[in-house]
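J.: There's a structure below that I have some questions on.
The values are calculated or read from the model by the stated rules, or taken from the named source; none is laboratory data. What you see is a predicted model; the values in this text were computed from it and never measured. Please note: Cβ atoms are built from the backbone with ideal geometry, for glycine as well, and neighbour counts cover all protein chains shown.
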Amino acid sequence: MEFTEYPDLASERLGGRVLAANDEFFAPKENLIKLSAPVFDEDKFTDRGKWMDGWETRRRRGPGHDWCILQLGLPGRIRGVVVDTSFFRGNFPEHASIEACSFEGALPPETLESRAAQWIEILPKSPLRGDTKNLFATALPDRFTHLRLRIYPDGGIARLRVHGEVLPDWAALLRGGEIDLAALASGGLVIASSDMFFSSCGNLILPGASAAMYDGWETRRRRGPGHDWAVIRLGARGRIYRVEVDTSFFKGNFPESCSLESCSSPGEFADETSTVHLPWREILPRSALRADARHVFEKELQSPGEATHLRLNIYPDGGVARLRAFGTLAAKQK
């Protein structure tokens, strides 16, 4: 998978927060993690100057540089970052760097700004281009919870996307009761799908209820034989005892039916070709679906044993808002 295919761990949609910034004179720091793409309004001004959809600091007249600190919505391994300078043309920073650290629990910004925080550089000082999505892959395998973005010397950034894999706190999840093994918050990841023309298959495992049709997974209209599908790598090996298939907001475009298969495999699979030949076993026979409804399957489930991956098949095409797969961890992982 390309790193941009991993979820944005800093997104406000996942609970990300911008905790502090040394300056936000022209545009607020919170814009950095907005879910929506940045926009430009040629005629919009504020009492401080041109309105910009991003974080923008004043012009620096002395030494130093500007910075802000973010808390990831979900902790994890960072695969890459996108420093998006869209619409910042004569006012973008020349360079940027990023550091990361790991802290559990709520911390005041002063603690993160102090030497107590063990910041590790994940992106060295790197040149930026204006009005561009600047992509930077990262390689450290560590689990991080917070980031510090530095810009040199000043200027504006529209969005910061932090793509990576969720590495959950399993002790905390186990204290919370039953576990959705497929959930993004549990470390689940949608690794392949047959089609996602209208909206991303990654939406299937997002936290919370779907907000609207755009917030689910929807394929194009199938005009030939076959059916659509998506493969989810579970957050951990386990046994599934209940599944929920939610078609909320899909009314004239929901699938006629669905089925589920599972397999147990330790390997990494990055695309649809590599998942085709996995030892799939049916756990939910093809079952009818209804429009705009949450379907719960428990008694219908067959038990193939422990699973690491799920394949959701939808017939022939359409949209699904969420997929939940509740289960128990394999004994050796508890």
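J.: I'd like the residue in the stretch 236-261 that is touching a Leu at 6+ places or on another chain (Cβ under 6 Å) and more than 23 Å from ARG290 (Cα to Cα) and, out of all such residues, is surrounded by the fewest Cβ atoms within 10 Å (Cβ to Cβ).
T.: Among those residues, the one meeting the criterion is ALA236.
J.: Of the residues PRO266, PRO279, which single one is at pLDDT below 95, touching a Cys at 6+ places or on another chain (Cβ under 8 Å) and assigned by TED's automatic domain parsing to the domain that holds SER193? Steps first, please.
T.: Values: PRO266 fails: touching a Cys at 6+ places or on another chain (Cβ under 8 Å).
Sole residue among the options that is at pLDDT below 95, touching a Cys at 6+ places or on another chain (Cβ under 8 Å) and assigned by TED's automatic domain parsing to the domain that holds SER193: PRO279.
J.: Quick one: count up the residues across the stretch 181-199 that are outside any loop (DSSP other than H, G, I, E, B) and under 17 Å from ARG13 (Cβ atoms). Lay out the reasoning, then the answer.
T.: Taking the stretch 181-199 as the starting set, the residues that turn out to be outside any loop (DSSP other than H, G, I, E, B) are 184-186, 189-193, 199.
Those left that are additionally under 17 Å from ARG13 (Cβ atoms): 184-186, 189-190, 199.
Count: 6.
J.: Quick test of your reading of the structure: LEU284 fulfils all but one of (1) at pLDDT 95 or above; (2) over 17 Å from TYR241 (Cα atoms). Name the failing condition by number.
T.: Single failed check for LEU284: (2).
J.: From the set of residues in the stretch 55-94 that are aromatic (Phe, Trp, Tyr) and buried (at least 23 other Cβ atoms within 10 Å of the Cβ), which is farthest from LEU112 (Cα to Cα)?
T.: If we filter the stretch 55-94 for residues that are aromatic (Phe, Trp, Tyr), which is where we start, we get 55, 67, 87-88, 92.
Checking which are buried (at least 23 other Cβ atoms within 10 Å of the Cβ) leaves us with 55, 88, 92.
Numbers: TRP55: 20, PHE88: 28, PHE92: 26 Å.
Result: PHE88.
J.: Here are ARG175, ARG221, ARG233: which of them is charged (D, E, K, R), in the same structural domain as GLY319 (by TED's automatic domain parsing) and in contact with a strand residue (DSSP E or B) (Cβ under 8 Å, 6 or more places away or on another chain)? Give the derivation first.
T.: On the way: ARG175 fails: in contact with a strand residue (DSSP E or B) (Cβ under 8 Å, 6 or more places away or on another chain); ARG221 fails: in contact with a strand residue (DSSP E or B) (Cβ under 8 Å, 6 or more places away or on another chain).
Step by step, each of ARG175, ARG221, ARG233 is checked, and only ARG233 is charged (D, E, K, R), in the same structural domain as GLY319 (by TED's automatic domain parsing) and in contact with a strand residue (DSSP E or B) (Cβ under 8 Å, 6 or more places away or on another chain).
J.: Looking only at the stretch 283-323, how many residues end up being of a type in the set (Lys, Arg) and either surrounded by fewer than 19 Cβ atoms within 10 Å (Cβ to Cβ) or over 24 Å from the mean Cα position of the chain (by Cα) (or both)? Steps first, answer last, please.
T.: To start, the set of residues in the stretch 283-323 that are of a type in the set (Lys, Arg) comprises 286, 290, 294, 299, 311, 322.
From what is left, the residues that are either surrounded by fewer than 19 Cβ atoms within 10 Å (Cβ to Cβ) or over 24 Å from the mean Cα position of the chain (by Cα) (or both) are 286, 290, 294, 299.
So the answer is 4.
J.: Filter the stretch 123-145 down to the residues that are free of Cβ contacts under 8 Å to residues at least 40 places away in the same chain and among the hydroxyl-bearing types (Ser, Thr, Tyr) and list them by number. If you could, list the steps in order and put the result at the bottom.
T.: Within the stretch 123-145, the first condition is being free of Cβ contacts under 8 Å to residues at least 40 places away in the same chain, and the residues that meet it are 124-127, 139.
Scanning the stretch 123-145 gives a single hit, SER126.
J.: Collect the residues in the stretch 154-176 that are in contact with a helix residue (DSSP H, G or I) (Cβ under 9 Å, 6 or more places away or on another chain), among the small types (Gly, Ala, Ser) and assigned to a loop (DSSP other than H, G, I, E, B), keeping them in residue-number order. Walk me through it before giving the result.
T.: Taking the stretch 154-176 first, the residues in contact with a helix residue (DSSP H, G or I) (Cβ under 9 Å, 6 or more places away or on another chain) are 157-164, 166, 168, 170, 173.
Imposing the further condition that a residue be among the small types (Gly, Ala, Ser) reduces the set to 158, 164.
ALA158, the sole residue that qualifies.
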